[in-house]
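The values are calculated or read from the model by the stated rules, or taken from the named source; none is laboratory data. Every value quoted in this text rests on a predicted model; they were computed, and no experiment measured them. Quick reminder, even Gly has a Cβ in these numbers, built from the backbone with ideal geometry, and neighbours come from all protein chains shown. These accessible areas exclude ligands, DNA and RNA; they are computed on the full protein's heavy atoms, side chains included. Shrake-Rupley method; radii C 1.70, N 1.55, O 1.52, S 1.80 Å.
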Amino acid sequence: EAGVTQFPSHSVIEKGQTVTLRCDPISGHDNLYWYRRVMGKEIKFLLHFVKESKQDESGMPNNRFLAERTGGTYSTLKVQPAELEDSGVYFCASSQLPRAGDTQYFGPGTRLTVL
Amino acid sequence: AQSVAQPEDQVNVAEGNPLTVKCTYSVSGNPYLFWYVQYPNRGLQFLLKYITGDNLVKGSYGFEAEFNKSQTSFHLKKPSALVSDSALYFCAVRGHTSGTYKYIFGTGTRLKVLA
């Protein structure tokens, strides 16, 4: 079974540019999550999709971040325009069932550097 | 508010010795607790979780964790450390708030096993 995949693995952009991150969850997983780790700090929740619907977007930092999951399969996270503080590692995770004890399986992350 | 603390940024242990990586949590109600490991240039890998039942949970790669409700702790342990266990370890908690499935992570503990 293929795991969660993310693309690109690294992205270096200049402040003010736009970047789009992609996540492909494990096949059959309706739940998809985005998290972010800023250098040396904790991994923080951004948002949660159930199929194509946003279940919880309480962690989205501001309106420069836009997440989509059209068709309930892969998801994209767009940052526009990027700021220096957006640098970090963006993780995607998926889980099969919307149960609190369900395990989330994480992708390798996308390292975003904003110069 | 829910929170997780990993009080040690780094833990050093000699190969063959037992290891402990500490985690304490704060959550209303009964917690769901998770441990993940991140190897260099890899994503987060699930190690083990506590949902209910026995306080001692066994997981992947010989790791185990002990849930202690009175001390609100969920320390990760291994009887005999391997050099290959050197990695970054994250503790996470999920509460029981209805409709919320996000993880709250600690800041991570870097484990270094010395040959």
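Return one whole number: the accessible area per residue of chain A in Å², for a 1.4 Å probe.
On the way: 5620 Å² over 115 residues.
About 49 Å² of surface per residue is accessible.
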Treat each spin label as a single point 7 Å out from the Cα along the C-beta direction, and report the residue A:41 to residue B:110 distance in nm. 1.9 nm
For the range A:62-115, state which chymotrypsin sites (Phe, Trp or Tyr not before Pro) are in a DSSP loop and have at most 11 other beta carbons lying within 10 Å of their beta carbon. none
Keeping the other protein chains in place, figure out the carbon and sulfur percent of the accessible area of the range B:3-114, with a 1.4 Å probe. 47 percent
Can you give me the distance in nm between label points at residue B:64 and residue B:42, each placed 7 Å from the Cα along the Cα-to-Cβ direction? 2.3 nm
Starting from the Cα-Cα distance between residue A:62 and residue A:115, subtract it from 0.36 nm times their residue separation and give me the gain in nm to one decimal. 17.1 nm
What are the residues of the range B:6-49 that lose 50 Å² or more of accessible area, with a 1.4 Å probe, going from their chain alone to all protein chains? B:44
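Dipole magnitude of the range A:18-115 about its Cα centre, charges +1 at Lys/Arg Cβ and -1 at Asp/Glu Cβ only, in debye to the nearest 20?
Working: 12 positive and 11 negative charges, 25 e Å.
Using only the charged Cβ atoms, the result is roughly 120 debye.
If you place +1 on the Cβ of every Lys and Arg, -1 on the Cβ of every Asp and Glu, and leave all else neutral, what size is the dipole of the range B:3-114 about its Cα centre, to the nearest 20 Debye? Show your work: numbers first, answer last.
Numbers: 11 positive and 7 negative charges, 47 e Å.
In debye, rounded to 20, the range B:3-114 gives about 220.
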Would you mind working out the accessible area per residue for the range B:3-114, using a 1.4 Å probe, and quoting it in Å²? 46 Å²
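Taking R0 as 35 Å, what's the FRET efficiency between residue B:84 and residue B:30 from their Cβ-Cβ distance, rounded to 0.05?
Details: r = 34 Å, r/R0 = 0.97.
It comes to 0.55.
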What are the residues whose amide H is under 5 Å from the amide H of residue B:67, where those residues sit 5 or more places off or on another chain and H is modelled from the backbone? B:56, B:57
Which one of B:82, B:12, B:38 is farthest out on the positive end of the charge dipole of chain B, using unit charges on Cβ (Lys, Arg +1; Asp, Glu -1) and the Cα centre as origin? B:38
Rounded to the nearest 100 Å², what's the accessible area chains A and B bury against each other, both chains counted, probe 1.4 Å? 1800 Å²
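For the protein assembly as shown, what is the charge dipole size about the Cα centre, in debye to the nearest 20, if Lys and Arg each add +1 at the Cβ and Asp and Glu each add -1 at the Cβ?
So the magnitude is around 120 debye.
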Cβ-derived FRET efficiency at R0 30 Å, residue B:54 paired with residue A:80, nearest 0.05: 0.05
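Tell me the trypsin sites (Lys or Arg not before Pro) within the range A:1-39 that lie in a loop according to DSSP and have at most 15 other beta-carbon atoms within 10 Å. The partial results should precede the final answer.
Details: sites: A:15, A:22, A:36, A:37; in loops: A:15.
In loop regions of the range A:1-39 (DSSP not H, G, I, E or B), the sparsely surrounded trypsin sites (Lys or Arg not before Pro) are A:15.
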Calculate what fraction, in whole %, of the accessible area of chain A sits on carbon and sulfur atoms when a 1.4 Å probe is rolled over the protein chains. 49 percent
What is the mean number of Cβ atoms from other protein chains located within 10 Å of the Cβ atom of each residue in peptide B:101-113, rounded to a whole number? 5
Give the distance, in whole Å, between the Cα centre of the range B:5-76 and the Cα centre of the range A:1-55. 24 Å
